[in-house]
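Everything below concerns the one structure shown next.
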Amino acid sequence: MLTRIFKNLPLLRIQLNPKFVVCAAYSISGHLKPSVDMEKVYLRNLKDSEDLHITFRFVNEELHVDRQFNFCRRINEPIDIALNRIRNNIEKELQKRFKKKKNAEVQVEKRTEQEINIKLYRDGCEDSVTDITFAELLHENPVGIKLRVMDKNFDILYNQPWITTLQVPSCVLADHLVYPTKLHLQFCSREHSKGLWYKALMPASGALPAESMWELCGEGLVYQTTQHDVGYNLKLIVTPMNEEGLSGPPVEQITKCPVQPGPGTCPYELRQVVTPKPLEDPTEIRVVTYNLLADLYADSDYSREVLFPYCPPKLLQIDYRKQIFIKELLGYNADLLCLQEVDQKIFEYDLKTVLGQSPHKFQGFMALKGDCAEGVAIFFRESRFELLATHVVNLGKNISTLPIFKDLWDKIKTNEKLAKRICERGTTLELCLLKVKNTDFYVLVANTHLYFHPDADHIRLLQIGFSIIYVEHIYKQYLKDYNISCPNKLGLIFCGDFNSVPECGIYKLMTEQFVDKHFIDWSSNTEEAVVDVELSQPFQMISACGTPETTNYTTLFSGCLDYIFYNGNSFDLLQSVPLPTHEQIVANEAIPSVCFPSDHVSLAADLKFKSSSL
């Protein structure tokens with residue numbers, strides 16, 4: 001990525017708490033344009049830091065100097081010491097310049113050595129501000145404080161909007177969304193900041209295009225590329241702004257690679273013919289569940305050589321795949337999204353960014369799977385729901401301690417190998433309670449991703465058993481807490497990658513409400529066999545998409561592992577979105593592939609609260 005800075009950027013800025021700061025604005029891999037009219041100093045004061053970072057750009061045409069200086073000083077250090085350090089560094093820079101420029105006038109050198117005066121002073125008073133620390137100076141109102149560097153005088157601005165990090169994607173596809181992969185702001189917000197997108201053809205020399213060659217193509221921090229952008233590099237200019245309309249210095253970045261052709265029409269776009277717009281009836285809810293295939297599991301030699309050898313490595317890269325699955329998620333016009341294998345960085349920098357913007361306005365929260373950098377996430381459309389509560393339970397860490405789990409735990413804890421294995425799992429259950437706006441309906445949403453191992457049907461069955469116990473406990477609690485007199489007005493939706501085919505005990509428990517002690521899953525591992533355990537649950541759960549032949553398809557395995565379960569006492573099924581055909585899935589041998597960003601396919605369904613509940 002190529003980074004440039006505008007002519008009106010400040011000569012000097014002061015920042016505190018540098019661990020949160022990466023100066024992308026000054027990280028120059030392109031060109032830093034000289035500007036001699038920079039006459040402002042930016043003071044930035046972040047709390048709870050002992051360090052004071054001072055960065056300024058010193059420009060002097062007469063001396064042929066254009067150099068960025070960076071200092072890290074202690075916040076309680078006297079100002080005079082820091083200014084002396086600045087003076088010494090400028091002297092060193094000038095000495096290097098004089099050595100390179102052998103024909104420099106001796107009198108210019110001597111005059112320069114005598115005139116390197118640097119001081120802080122108050123407007124209207126030439127006396128230097130001395131015998132004070134930066135901490136003391138910043139504690140006071142710095143208005144009226146000026147900085148002089150040789151013959152330049154600078155005004156000081158305090159806590160102006162600022163960009164500390166700006167990155168753009170390494171891969172951009174036509175007909176997909178592009179946005180900053182990282183945008184870190186201070187003293188302002190993403191909501192109020194402004195973005196402008198430009199495009200230009202890069203010269204064969206590799207030099208940056210002239211300013212006149214850049215064509216404005218989009219406004220806002222998110223831009224929808226088109227086929228007309230193919231072959232062009234994009235430039236994003238971000239101006240940080242706060243809610244009062246105060247703006248800071250803009251920063252730009254240019255994509256390394258030009259916009260690439262997209263994959264064309266994908267099977268999910270054909271599925272979305274039945275979801276052309278969001279539902280309008282407040283009693284209707286569109287639900288999507290999707291295992292995104294975490295980058296953690298896609299970007300490795302093992303995944304490229306063993307799990308997905310049929311998929312070209314570039315199509316496994318997250319910068320490619322995320323563009324596909326984000327476009328797919330948006331195209332369902334859903335109200336609820338239950339996601340699995342969500343990379344933490346993708347949640348923070350991509351999903352929250354794109355799904356949270358207008359007109360979608362999703363709010364989401366994520367729960368990590370144990371110590372992994374991936375987990376499960378729930379997003380809901382804010383225009384449809386009010387969030388009342390959230391819950392996250394790491395099953396492995398809690399099944400031996402939570403009182404509500406005691407009865408089931410006591411039945412299995414004597415098998416040491418079984419107890420150890422299930423307690424070591426990072427499996428997480430995520431729940432949220434939503435109130436449907438402008439109605440007296442509520443929805444309890446559960447989302448999970450159960451243990452994957454082939455010999456672990458008994459572990460998964462126990463995991464769903466503990467999960468249902470927790471869900472039932474929360475469900476009953478909220479009936480009471482919110483005075484819900486009709487239980488059917490509190491709908492239950494349970495989504496996830498259950499890693500279990502319909503023939504196994506999980507589907508039986510969810511749809512038939514009971515698994516007896518002789519069920520075959522209990523002995524899927526003879527050393528860890530579960531003895532004398534039966535499971536039951538009180539909810540009349542139905543699979544919204546039935547039992548499709550496959551929701552996960554690789555050359556090593558294919559089967560139905562993902563489900564949207566809903567409480568049939570509360571909801572009717574309006575439609576389940578048709579799944580891709582077998583021919584579409586195997587068009588490139590298996591998935592992931594050019595049009596499928598994951599080894600799973602998404603499921604989507606429309607539910608409606610029963611008329612008897614109205």
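A few points about this structure:
- Test result for VAL129, under 30 Å from ASN84 (Cα atoms), free of Cβ contacts under 8 Å to residues at least 60 places away in the same chain and open to solvent by 40 Å² or more (accessible area, probe 1.4 Å): no
- Residues in the stretch 392-419 that are under 26 Å from VAL342 (Cα atoms) and open to solvent by 40 Å² or more (accessible area, probe 1.4 Å): VAL392, LYS397, ASN398.
- The conditions of being of a type in the set (S, T, N, Q), touching a Leu at 6+ places or on another chain (Cβ under 8 Å) and in contact (Cβ under 8 Å) with a residue 40 or more places away in the chain are not met by THR439.
- Residues within the stretch 157-177 that are touching a helix residue (DSSP H, G or I) at 6+ places or on another chain (Cβ under 6 Å) and in a loop (DSSP other than H, G, I, E, B), tallied: 5
- One residue stands out in the stretch 482-537 among those that are open to solvent by 30 Å² or more (accessible area, probe 1.4 Å) and part of a strand (DSSP E or B): the one that is nearest to PHE405 (Cα to Cα), namely SER536.
- Answer residue from the stretch 426-462, given it is of a type in the set (Asp, Glu) and assigned to a loop (DSSP other than H, G, I, E, B) and is farthest from GLY375 (Cα to Cα) among those: ASP440
- Residues that are aliphatic (A, V, I, L, M) and within 21 Å of the chain's Cα centre (by Cα), drawn from the stretch 418-445: LEU429, LEU431
- Only one entry in SER558, SER543 is open to solvent by 50 Å² or more (accessible area, probe 1.4 Å), among the small types (Gly, Ala, Ser) and within 16 Å of CYS504 (Cα to Cα), namely SER558.
- Residue in the stretch 570-577 that is at pLDDT 95 or above and closer than 19 Å to GLU503 by Cβ present: no
- Boolean, VAL259 is β-branched (Val, Ile, Thr), under 20 Å from GLY356 (Cβ atoms) and crowded, with 17+ Cβ neighbours inside 10 Å: no
- Hits in the stretch 381-425 - residues which are among the charged types (D, E, K, R) and in a helix (DSSP H, G or I): LYS397, LYS406, ASP407, ASP410, LYS411, GLU416, LYS417, LYS420, ARG421
- Test set (1) out of contact with any Phe, Trp or Tyr (no Cβ under 6 Å at 6 or more places or on another chain); (2) open to solvent by 10 Å² or more (accessible area, probe 1.4 Å); (3) at pLDDT 95 or above - ASN291 fails condition number: (2)
- Residues of the stretch 183-222 classified as over 15 Å from ASN242 (Cβ atoms), modelled with pLDDT of 95 or more and charged (D, E, K, R), total: 3
- Cβ separations smaller than 9 Å between residues 6+ apart or across chains give the following pairs from the stretch 572-592 residues that are closer than 27 Å to GLU284 by Cα and surrounded by fewer than 19 Cβ atoms within 10 Å (Cβ to Cβ) to residues that are small (Gly, Ala, Ser) and modelled with pLDDT under 95: ASP572/SER611.
- Within the stretch 321-375, tally of residues that are part of a helix (DSSP H, G or I) and in contact (Cβ under 8 Å) with a residue 12 or more places away in the chain: 22
The values are calculated or read from the model by the stated rules, or taken from the named source; none is laboratory data. The model shown is predicted, which means the values in this text are computed figures rather than measured ones. Virtual Cβ from ideal backbone geometry, glycine too; neighbours counted across all protein chains shown. The accessibility values were calculated without ligands, DNA or RNA, using every heavy atom of the protein model including side chains. Shrake-Rupley method; radii C 1.70, N 1.55, O 1.52, S 1.80 Å.
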